[in-house]
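The values are calculated or read from the model by the stated rules, or taken from the named source; none is laboratory data. A quick note: this is a predicted structure, and the numbers were derived from the prediction, not measured. All Cβ positions, even for glycine, are placed from backbone atoms using ideal geometry, and neighbour counts span all protein chains on display.
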Amino acid sequence: MASRISRHIESGGNTVFLNKNSLGFSPGDTHRNFQISCKGLGGGTYTVSYIPVDCDHIIEFQANASESAAVVMSQSIDFLYETIIITFAGIGANEPVVH
């Protein structure tokens, strides 16, 4: 069964990092498939990027997703993810939630 995890951005921030520090486990150790959705964007957008295991490069996966979109990262990518990064744009004073 898939687990659902929600994360809030820090007040005044625009980025959420999903990694061992924020989740308590490394995404690369446990999962190959992720579905990311966000709410509370206030008309803004979000971009999903990732850092592969044992790598320092940030790779943009999906840019400018809207609140009505879900970003699916699946086994079709050959990398395991060390960190998944969600960056928000145009959110104003809203504090979005990542699911």
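Descriptive notes on the structure:
- Within the stretch 52-64, residues that are closer than 13 Å to Asn19 by Cβ reach partners that are in a strand (DSSP E or B) and among the small types (Gly, Ala, Ser) with beta carbons closer than 8 Å, at six or more positions or on different chains, in the pairs Ile58/Ser49.
- For Asn21: the one exception among (1) exposed (fewer than 13 other Cβ atoms within 10 Å of the Cβ); (2) at pLDDT 85 or above; (3) assigned to a loop (DSSP other than H, G, I, E, B): (3)
- Total residues in the stretch 71-99, condition surrounded by 11 or more Cβ atoms within 10 Å (Cβ to Cβ), more than 14 Å from Leu18 (Cα to Cα) and without any contact (Cβ under 8 Å) to a residue 60 or more places away in the chain: 6
- Pairing residues of the stretch 3-30 that are under 19 Å from Leu80 (Cα atoms) with residues that are of a type in the set (Gly, Ala, Ser) and at pLDDT below 85, at Cβ distances under 7 Å and at least 6 apart in sequence or on separate chains, gives Asn19/Ser26; Lys20/Ser26.
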